[in-house]
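What follows is a set of notes on a single structure, which appears directly below.
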Amino acid sequence: MSVAEAARVAVHRALPPEETARADFYALIARLLHSPPDNALLANVASAPALPADGDARLATAWQRLVDASSAMDADAAAEEYELLFGGVGKARVSIYAGFYAAAASEHPRVRLQTDMAALGLARPDQVTEPEDHFAALFDVMRILVAGGAGRSPATLAEQRRFYAGYVEPSAARFLAAVGSAPEANYYRHVAALAAAFTALESESFQLD
């Protein structure tokens, strides 16, 4: 079973294998940040194979640890952990919004994000109430830019780099570090480690291209 199958993601157009893999990781991370995994998703991740030995070692290690953690986790415990980390009454243990981690500026990044998402044809539907800078939304936008979907073809590498550098890269590392160090993070520290390894690889790749 591939990462794509673990995330239950279908890519509907032919992509080079490396682009499919990138879209798969963005999809899985977005799904896990959007809401806690149900038992079906945990079982799918738990049964997924190791990544190729000739790939990035940090990513392979983080992936295997998430696979192992998924085999020991259940949906009720995952839901409780998700709520302790990102929900609850009052201030969450960890903010799941990129704007919280942005450097002080005269304009909240959410304002620019709304404009840029609309320009990409990805404006937030009326029925969606979560702000656009929710990290699940940002990773899902990157999935669409890489693989296509939502009525559009895959974006150019320059478009992908522009969105990533504008909204994911400035805040993801601090967010993922906060998740990984939170006392409540049992399963989600492995999610954070996988996302940190993947985004580090993405940042390196964008710098090289």
**Filter pass, A72 being within 22 Å of N186 (Cα to Cα) and surrounded by 14 or more Cβ atoms within 10 Å (Cβ to Cβ)** = no
**Fill in**
Here the qualifying pairs (Cβ atoms under 9 Å; residues six or more apart or on different chains; first in the range 66-86 and under 14 Å from A43 (Cβ atoms); second of a type in the set (K, R)) come out as A69/R189
**Fill in**
Screening E107, E132, E204 for residues that are acidic (D, E), farther than 26 Å from A75 by Cβ and either at pLDDT 95 or above or assigned to a helix (DSSP H, G or I) (or both) leaves only E204
**Asked** Taking only pairs six or more apart or across chains, which ones have beta-carbon atoms under 9 Å, a first residue in the range 31-58 that is closer than 18 Å to F139 by Cβ, and a second residue that is hydroxyl-bearing (S, T, Y) and open to solvent by 70 Å² or more (accessible area, probe 1.4 Å)?
**Response** V45/S71
**Enumeration of residues in the range 176-201 that are part of a helix (DSSP H, G or I), among the hydroxyl-bearing types (S, T, Y) and under 19 Å from A75 (Cβ atoms)** = Y188
**Asked** Looking only at residues in the range 141-157 that are touching an Asp or Glu at 6+ places or on another chain (Cβ under 9 Å) and farther than 14 Å from A119 by Cα, which one is surrounded by the fewest Cβ atoms within 10 Å (Cβ to Cβ)?
**Response** L157
**Request:** Tell me which residues, restricted to the range 13-43, are over 17 Å from the mean Cα position of the chain (by Cα) and buried (at least 21 other Cβ atoms within 10 Å of the Cβ).
**Result:** none
**Any chance R58 is open to solvent by 40 Å² or more (accessible area, probe 1.4 Å) and at pLDDT 95 or above** = yes
**Asked** Quick check, is D54 farther than 13 Å from Y188 by Cα and within 19 Å of the chain's Cα centre (by Cα)?
**Response** no
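The values are calculated or read from the model by the stated rules, or taken from the named source; none is laboratory data. Every value quoted in this text rests on a predicted model; they were computed, and no experiment measured them. Glycine gets a Cβ as well: all are built from the backbone with ideal geometry, and neighbour counts include every protein chain shown. Ligands, DNA and RNA are excluded from the accessible area calculation, which covers all protein heavy atoms including side chains. Shrake-Rupley method; radii C 1.70, N 1.55, O 1.52, S 1.80 Å.
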